[in-house]
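Comments concern the structure below.
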Amino acid sequence: MKKIPTEIVEKLKAIVGSNNYIDNPEQMAAYVNDIWNQYHGVTPLILKPINTEMVASIVTLCNECNIGVVPQGGNTGLVGGSIPSESDAEIIISMERMNKVLDIDVINYTMTVEAGCILVAVQEAAFAVNRLFPLSLGAEGSCQIGGNLATNAGGTAVLRYGNAKELVLGLEVVLPNGKIINGLRGLRKDNTGYDIKQLFLGSEGTLGIITKAVLKLFPLPADKVTSLVALSSLEAAPKLLATMREVTGDNITAFEYMDRVCVDMLEKRTELSDPFAVKYDHFALVELTSSRDNAGLQTLLEEIITAMIEAGDVVDAVVASSETQAAQLWKMREMLAEVYRLDGGGLTFDISVPVSSVPEFIKKASQACTQEYSAGVVMAFGHIGDGNVHFIFLKPNNVPVNDFLSATDEVSTLVYDIAASFNGSFSAEHGIGLLKKHDLVRYKSEVEINLMRTVKKALDPNNIMNPNKII
Ligand SMILES: Cc1cc2nc3c(=O)[nH]c(=O)nc-3n(C[C@H](O)[C@H](O)[C@H](O)COP(=O)(O)OP(=O)(O)OC[C@H]3O[C@@H](n4cnc5c(N)ncnc54)[C@H](O)[C@@H]3O)c2cc1C
């Protein structure tokens, strides 16, 4: 794509009006660099439309003039999907000014929102009417619901409520030709041909711009118990999860794993401390919730833990006695996404395998990494109730950064091949963006890749919508 002619830039500015764009490179840093400063782009223009019609007019003009469009939400994505290329030939459409909650139907358990609503604001609006919007992730104070849907975000409550795509009933989307699909229906049943909205969920802005959504709501939890459980082995984690699912009537909302390396890292780099006096090796952060008041969850949890201690799978547990203590336990898990970066960083993997295969995957992948660098240390944590492991191979102190980074492809292939051997995924929840484009070609079948290309070509023949991302 070529540099954008000045007269087109002026026409684009005129569509949104003088207060709704940035054309000064000095004010663009937060939009052209990603959150961890790993991806950097250049653009002549960042547009901040305030309604769907503006988005449609921008996209129509860009399509006519063959100009690349990068949709951007909170810019918290971890694979470079929201950053333009360095060619100065793509504009950014930031959705931040389309941030209104439009409607809440408490009886239908739905809410209609604009795509630029920050996730926390969506949760708070639901809470204000005694309803729950359950999507929850570490970046929730910055990411936008449009970005969550475009990446099919996961997070900590997938076990109970599903991924972002399972929380959507309807979408409004601006297509690459500028036409608007108005599918803002709050229906739980609608078998009227292809479910077109599914195309856009997880498409990372390559097929269209999500402008509004109808989201599913749930009853608020009235009873809740949170516990950090110390396990006798990694293998005990899926066993505990399976038991909890059976015994609690599937009231388990979150089941997060962390290993000893994680807890040591938290102690070294943050104010947080190990709540146990003994140094255990494996931990599960567990949360049970029920919309029924006094559902007896704490008693149930304690009974399960006692039985699992007797069976030798659990060695100890801390049950939060207050909201503050529960928040402290959650903070341990949430800080893990950042804390290893303070310690020199490492190669990060966002893997999923069947829940029952998680222990074997972690063991095999750890062995493969340490065969490559014997001084390397692996840190594993994640949403293992969903089979999703954030697996990090920390840089050994004695290996220079550049040498370590030069082995990225080799180590990644080792880890991804092991995940593939379990029929797993090399990108559980973070998407493809720029980072994993070449892995997509390696791990998806030719039939699937060709189908993806066919869909992209059909919707976006001029390849203007988030060009060069995913495929
Ligand atoms: C500390 C931290 C913790 C995280 N934890 C999790 C986690 O637990 N689970 C998880 O899944 N992710 C997690 N993430 C990753 C990230 O927060 C999610 O991918 C999130 O959904 C991205 O939303 P966003 O608004 O920031 O999107 P952006 O980063 O702005 O964009 C992401 C992609 O979506 C596209 N896009 C954005 N808005 C739209 C739109 N309206 N229409 C069409 N396309 C659009 C962009 O072009 C880009 O390809 C975490 C990130 C951080 C920094």
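The values are calculated or read from the model by the stated rules, or taken from the named source; none is laboratory data. For clarity, every value in this text was computed on a predicted model and none was experimentally measured. So basically every Cβ, Gly included, is an ideal-geometry build from the backbone, and we count neighbours across all protein chains shown.
Observations, loosely collected:
- Residues (farther than 28 Å from residue 337 by Cβ, in contact (Cβ under 8 Å) with a residue 40 or more places away in the chain and acidic (Asp, Glu)) located in segment 261-318: 293, 303
- Tally of residues being farther than 30 Å from residue 365 by Cα, assigned to a loop (DSSP other than H, G, I, E, B) and touching an Asp or Glu at 6+ places or on another chain (Cβ under 8 Å) across segment 209-240: 1
- Verdict on residue 456 being within 16 Å of the ligand (Cβ to nearest atom), of a type in the set (Lys, Arg) and touching a residue at least 60 places away in the same chain (Cβ under 8 Å): yes
- Filtered residues of segment 218-251 (kept if of a type in the set (D, E, K, R) and within 22 Å of residue 291 (Cβ to Cβ)): 223, 224, 245, 246, 250
- Among helices (runs of 4 or more DSSP H) entirely within segment 68-166, having at least 2 residues that are under 12 Å from the mean Cα position of the chain (by Cα), under 23 Å from residue 387 (Cβ atoms) and near the ligand (Cβ under 10 Å from one of its atoms) singles out 145-151.
- When we screen 468, 398 for residues that are surrounded by fewer than 20 Cβ atoms within 10 Å (Cβ to Cβ), at pLDDT 95 or above and not in a helix (DSSP H, G or I), the only hit is 468.
- Each residue in segment 169-222 was checked for being on the phi > 0 side of the Ramachandran plot, touching a Ser or Thr at 6+ places or on another chain (Cβ under 9 Å) and of a type outside the set (Asp, Glu), and 3 of them qualify.
- Tally, over segment 1-42, of residues that are surrounded by 15 or more Cβ atoms within 10 Å (Cβ to Cβ), more than 13 Å from the ligand (Cβ to nearest atom) and closer than 24 Å to residue 173 by Cα: 9
- Residue in segment 362-376 that is outside any helix (DSSP H, G or I) and in contact with a helix residue (DSSP H, G or I) (Cβ under 9 Å, 6 or more places away or on another chain) present: yes
- Filter result for residue 412 (surrounded by 15 or more Cβ atoms within 10 Å (Cβ to Cβ) and of a type in the set (S, T, N, Q)): yes
- Any chance residue 427 is within 16 Å of the ligand (Cβ to nearest atom) and assigned by TED's automatic domain parsing to the domain that holds residue 388: yes
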